[in-house]
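The values are calculated or read from the model by the stated rules, or taken from the named source; none is laboratory data. Just so it is clear, the model here is predicted, and its values are computed rather than measured. Using ideal geometry, Cβ is built from the backbone for each residue, glycine included, and neighbour counts are taken over all protein chains shown. Accessible surface areas use protein heavy atoms only, side chains included; no ligands, DNA or RNA. Shrake-Rupley method; radii C 1.70, N 1.55, O 1.52, S 1.80 Å.
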Amino acid sequence: MKLLDDLGISSQNQGASTGVTWRTTAAEGRIEVVSPVDGRLLATVERCSDADYQHCSAAAQEAFGEWRKVPAPKRGDIVRQISETLRAAKTELGTLITWETGKSLQEGLGEVQEMIDICEFALGLSRQLYGRTMSSERVEHRLYEQYHPLGPVGIISAFNFPAAVWSWNAMIATVCGDTTLWKPSSKTPLTAIAIQHLLGRVIKENNLPEGLFNLVVGTGATVGERLLHDRRLPLVSITGSTKVGRRGAEVIAGRFGRSILELGGNNAIIVTPKAHLGRAVPAIVFSAVGTAGQRCTTTRRLIVHQDVYSQVKKALVSAYESLRIGSPLDQNNHVGPLISREAVREYRDALQKLEEQGGRIICGGRVLEGEGFESGCYVEPVLAEAENDYPVVQQETFVPILYLITYEGGVENAIARQNGVVQGLSSSIFTEDLREAELFLSAVGSDCGLANVNIGTSGAEIGGAFGGEKETGGGRESGSDAWKGYMRRQTNTINYGLELPLAQGIVFEL
């Protein structure tokens, strides 16, 4: 495939890189990357051995010693060059993302644009890594704080955003003076390899240290575990399931490292009687079926007031019946495939559990077969009636199933249902009522890290900090002041007087 050639990907690829050199001993075998679009074998990737991992981690540690000395604005200029390199390769890289993940071509291109956007955000940030000065209680003393580079940062990313989530972490870490060690999902290693080749150009053109950007491809049980236990990494950012995040948090905390956790979401949209349904329905459908329901911010629960339930249900059934399912490379289609046949099994299992627990499928529910669906990964998005306390509703299933749940009375009852799960990532309310909207956003409203009014749960902008609460992990990435998590905070006191006064009025005399 010419696309792969253009991005430096061959039929067989090495799975470890320091940004300058590639290596692998192939001792751990190969990953076969099969496209969910049509089932074709795209390429193979050799998994890292322990020697490969140790080499890359050591390179990250060594490069950090030099990179932290580079002034932050100059680090920002390197990120600017990365942005320009990504912009030039946007079509090719976005198309590869579509082939490897099955997300629509618009979403693949949008993911690359998100990388470009975070580069530009990080560029501006490189001149705004501010500390603050406080008033000292002691005479002739200055009290202030500053932020220093932290060290090599480990990044574990998931298949559904194989490029953007890495960039949220890596570009911010880079301007903060950190190096990075990236373990991508074994389901989508080709996107990571393509990005690493693009980074290599910038590294070589600027004579940057080997080890600034490192890539290690392998399973969670091998490479992932090495990364979690690696004391050379003071910070590890993990995007994935709650199960993966819990394991990571326990191991990293055991060595007194830091973790940024972006884990599961069980996101809900509330529709009140005062909602504008003309705006609500398209937002609900996109949030529920975009990326075939494989976003951490996908809408999985729709909490609708009983007075408008029939109207909303009818509109959604009509919208779902008009969805076009097929190749994500055809921009006329709305829904592409799931990532793998394993995901299809999870889809089937969830629907079986739903019916066993008393729920009812309204529309959808078939696995599609025949011409155009040869990969076996295409399914119909599902609308189902359910109760919020069903076990299958309480868990996150990474497929396009939207549970319709009713509520009566005031919006407080809807908010209670919205908050009545263990996850706390994204949430939305559709209402034209100011009181309802403000209550939803208040301290007694949504308990999620993201709370929206009159938009869906997915599609967050890079300017705000991204993350959630409870079993979503509490981490924050991307915009706002999330950069502080990638730095070492230091409080400084300077005595420029001739006396030695102590804080709290303590007197010590010799």
How do the pairs read when you match residues in region 83-94 that are touching a residue at least 40 places away in the same chain (Cβ under 8 Å) with residues anywhere that are hydroxyl-bearing (Ser, Thr, Tyr), using Cβ under 8 Å and keeping only pairs 6 or more apart or on different chains? Leu93/Thr191
Looking at Glu477, is it closer than 30 Å to Thr291 by Cβ, open to solvent by 40 Å² or more (accessible area, probe 1.4 Å) and not small (Gly, Ala, Ser)? no
Residue check for Ile156: open to solvent by 10 Å² or more (accessible area, probe 1.4 Å), among the β-branched types (Val, Ile, Thr), in contact with a Leu (Cβ under 9 Å, 6 or more places away or on another chain) and at pLDDT 95 or above: yes
For Pro162, work out the one condition from (1) part of a loop (DSSP other than H, G, I, E, B); (2) under 30 Å from Gln331 (Cα atoms); (3) open to solvent by 10 Å² or more (accessible area, probe 1.4 Å) it doesn't fulfil. (3)
Whether any residue in region 366-373 is under 24 Å from the mean Cα position of the chain (by Cα), among the β-branched types (Val, Ile, Thr) and closer than 23 Å to Glu107 by Cα is what I want to check. no
All positions within region 339-366 that are touching a strand residue (DSSP E or B) at 6+ places or on another chain (Cβ under 8 Å) and among the acidic types (Asp, Glu): Glu355
Kindly evaluate Ala253 against the criterion of being of a type in the set (A, V, I, L, M), at pLDDT 95 or above, open to solvent by 10 Å² or more (accessible area, probe 1.4 Å) and touching a Ser or Thr at 6+ places or on another chain (Cβ under 6 Å). no
If you go through Gly497, Gly473, the only one that is over 16 Å from the mean Cα position of the chain (by Cα), outside any strand (DSSP E or B), among the small types (Gly, Ala, Ser) and modelled with pLDDT of 95 or more is Gly497
Per the list (1) open to solvent by 30 Å² or more (accessible area, probe 1.4 Å); (2) of a type outside the set (Lys, Arg); (3) at pLDDT below 95, residue check on Gly39 breaks on (3)
Just need a number here: residues in region 422-441 that are under 20 Å from the mean Cα position of the chain (by Cα) and open to solvent by less than 10 Å² (accessible area, probe 1.4 Å). 5
Within region 116-152, count every residue that is in a strand (DSSP E or B), open to solvent by 90 Å² or more (accessible area, probe 1.4 Å) and either in contact (Cβ under 8 Å) with a residue 24 or more places away in the chain or of a type in the set (Asp, Glu) (or both). 1
Condition first: within 16 Å of Ser49 (Cα to Cα), open to solvent by 20 Å² or more (accessible area, probe 1.4 Å) and either of a type outside the set (Val, Ile, Thr) or not in a helix (DSSP H, G or I) (or both). Now tell me which residues in region 186-223 satisfy that. Ser186, Thr219, Gly220, Ala221
Only one of (1) within 30 Å of Glu120 (Cβ to Cβ); (2) open to solvent by 90 Å² or more (accessible area, probe 1.4 Å) is not met by Gly456, so which one is it? (2)
Among the residues of region 15-27, how many are under 27 Å from the mean Cα position of the chain (by Cα) and buried (at least 20 other Cβ atoms within 10 Å of the Cβ)? 5
